[in-house]
Structure formats: C-alpha cells, structure tokens
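These notes concern the structure reproduced below.
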Amino acid sequence: MRKFLVVLDDSRECLNAMRFAAMRARNTKAGVEILAVIPPEEFNHWIGVGDIMREEARERIHAHFEVFAKWMRDKQGVDPELVIREGEPVAEIMAQVQEDPEIGVLVLGAGTDKKGPGPLVTQLSKNSGSLPIPITIVPGDLSKERLQEIT
C-alpha cells in the first residue's frame, strides 16, 4: 500500500501537514506513516540521565501521536503508524524514505513567519533531487476548509 510520510514535531505547521496527509490518504485509499525524530543533542548528558530523557521524549511523542491518530481514525478513517528514529532530522527522514518502499509522498508543513518555511522544508528542498519520491509542501496557514477542497 502506498503511504504518505508526514513528520511529527512541535511546529504549528505540522498540524496542516497531518491534516493534508490524512485527507489525501482517505481520498486515495493510502496509508499514513508518521515519523518523529529525536535529535541527538537531547541526550548529551550522563548515561543514566540521557536514558531517562530519551524515554521521556518517547512518551511525549506517543502522547502527541495519539492525538493525531485519534483524529485520523475517527474523522478520516485512516489508521496511521508511528515510526520513531534518533539522529539528525533531515538524515533520518531521508533514511526512512530510502528504507520503506511503500512511502510514496513526503508531506511537510511550511511555516508562515518571516524566517522562511522552516528548516526541514529548506533542507529537504535542497535534497529533493536525490529523493525517490515527491515532496508535498503544505502552507501552514491554509484553513481546514481549503485543505478539504484541495485534497
């Protein structure tokens, strides 16, 4: 089954990327894979403290994922899967795309502030020529209604 890969993070634009991925998956009978990446700098502490912080990060990710997953299941009829990786976000996204042949589209949310679309969109756009799949960039300020029209 073809899947939409969407990145779970703490950004505002993540919400629209999740919505878009779920709506497109529903309309095209595809799946959604949600990728959360834990950056390595979060664990540069003593070993015991780093392990505790890693577990807390995983718990936060699971709680955040469940909010999106419940909405996707209840409103869109899509049952997403969660993948958690540790490392540099761009490298881990690229690795996930390379390792999972069912991923057909990478969905990213674009920030709306004056700083630009965000680091993931900027860096992955530069690498888009080496990706085996297209990237869909969803503007962070699109309304739910507009997303429904587009999908």
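Odds and ends about this structure:
- Options GLY87, GLY116; residue that is at positive phi and without any contact (Cβ under 8 Å) to a residue 12 or more places away in the chain: GLY116
- Within the stretch 41-66, the set of residues being modelled with pLDDT under 95, of a type outside the set (D, E, K, R) and surrounded by fewer than 11 Cβ atoms within 10 Å (Cβ to Cβ) comprises ASN44, TRP46, ILE47, GLY48.
- Of all residues in the stretch 4-40 being among the β-branched types (Val, Ile, Thr) and part of a strand (DSSP E or B), the one that is nearest to LEU82 (Cα to Cα): ILE34
- Residues satisfying the stated conditions in the stretch 72-102, i.e. crowded, with 16+ Cβ neighbours inside 10 Å and in a helix (DSSP H, G or I): MET72, GLN76, PRO89, VAL90, GLU92, ILE93, MET94, GLN96, VAL97
- Residues within the stretch 126-151 that are of a type in the set (Gly, Ala, Ser), more than 12 Å from ALA17 (Cα to Cα) and touching a residue at least 40 places away in the same chain (Cβ under 8 Å), tallied: 0
The values are calculated or read from the model by the stated rules, or taken from the named source; none is laboratory data. These numbers were taken from a predicted model, which means no experiment stands behind them. Please note: Cβ atoms are built from the backbone with ideal geometry, for glycine as well, and neighbour counts cover all protein chains shown.
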